[in-house]
Amino acid sequence: DHFHFSPFTLALTEDSGWYTANWEAVGYLDFGAGAGCSFLTSSCANYAAANPAQEWFCSRDGCSHDGRYKSYCMSDMFSGNCNLDEPYSICTDSANGGSNLFGESFGSFSRCFEAAETLDYLSDGFIYPESGGVCLAASCSGGELRVTVDGTELACPTGTTLSLAGVGSFQSGSLACP
């Protein structure tokens, strides 16, 4: 679910004569889809500055643009010094459950939600801060987004912040509702 290749890339590798392509790996590559010509003709910094709501370039750790991954915000030698989301935990994969800090939930109905302000989570007598993203079960009911946080289902109206202070083991902090 994480790595996708375009049909062009697989055809190119197969045509080289050195590889047999795994056509099961073909997927939709949505990076920059619908972003317009300025996405291609501007630097990433200029594009991001001119389009504050854009989802392709990041400024801090959090979630991938499609909400399926927790991600680090970083650049590398291939990104032209553009900060891009580098996924490190797949919210939609139930095998990622692990330690389950922050009351996280992993599975097909889970999505990544970014902290609007640092989340402080109490576990085993210690407070763990999180300022990036957390994976939570999400659903829609009556046209309203709902998230399940530490076993409590809460409404998460679009464009608002959801305070988690006192919800389950959260001591403070809030989520950004997409």
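Some notes on this structure:
- Which numbered condition TRP23 misses (of (1) touching a strand residue (DSSP E or B) at 6+ places or on another chain (Cβ under 7 Å); (2) modelled with pLDDT of 80 or more): (1)
- Conditions (1) surrounded by fewer than 14 Cβ atoms within 10 Å (Cβ to Cβ); (2) at pLDDT below 90; (3) outside any helix (DSSP H, G or I): number failed by ALA95: (3)
- LEU122 outside any loop (DSSP other than H, G, I, E, B), closer than 30 Å to PHE31 by Cα and either more than 14 Å from the chain's Cα centre (by Cα) or modelled with pLDDT under 90 (or both): no
- Only one of ALA33, ALA49 that is surrounded by fewer than 17 Cβ atoms within 10 Å (Cβ to Cβ) and either polar (S, T, N, Q) or part of a helix (DSSP H, G or I) (or both): ALA49
- Count of residues meeting criterion [part of a strand (DSSP E or B) and farther than 18 Å from ALA33 by Cα] in the stretch 64-85: 6
- Residues that are crowded, with 18+ Cβ neighbours inside 10 Å and out of contact with any Asp or Glu (no Cβ under 7 Å at 6 or more places or on another chain) were ranked within the stretch 56-82; the one that is nearest to SER131 (Cα to Cα) is ASP61.
- Looking only at residues of the stretch 164-178 that are of a type in the set (Gly, Ala, Ser) and closer than 17 Å to ALA116 by Cβ, we find that the one that is surrounded by the fewest Cβ atoms within 10 Å (Cβ to Cβ) is GLY166.
- Test result for PHE8, among the hydrophobic types (A, V, I, L, M, F, W, C), part of a helix (DSSP H, G or I) and exposed (fewer than 11 other Cβ atoms within 10 Å of the Cβ): yes
- Of all residues in the stretch 143-163, exactly one satisfies the criterion of being modelled with pLDDT under 95, part of a loop (DSSP other than H, G, I, E, B) and surrounded by 16 or more Cβ atoms within 10 Å (Cβ to Cβ), namely ASP150.
- Single match in GLU144, GLU153, GLU130, GLU117 (criterion: over 26 Å from SER94 (Cβ atoms) and either in contact (Cβ under 8 Å) with a residue 12 or more places away in the chain or charged (D, E, K, R) (or both)): GLU117
- Filter result for TRP23 (surrounded by 13 or more Cβ atoms within 10 Å (Cβ to Cβ) and either without any contact (Cβ under 8 Å) to a residue 60 or more places away in the chain or farther than 30 Å from GLY166 by Cβ (or both)): no
The values are calculated or read from the model by the stated rules, or taken from the named source; none is laboratory data. A quick note: this is a predicted structure, and the numbers were derived from the prediction, not measured. Note that we place each Cβ from the backbone using ideal geometry, even for glycine, and neighbour counts take in every protein chain shown.
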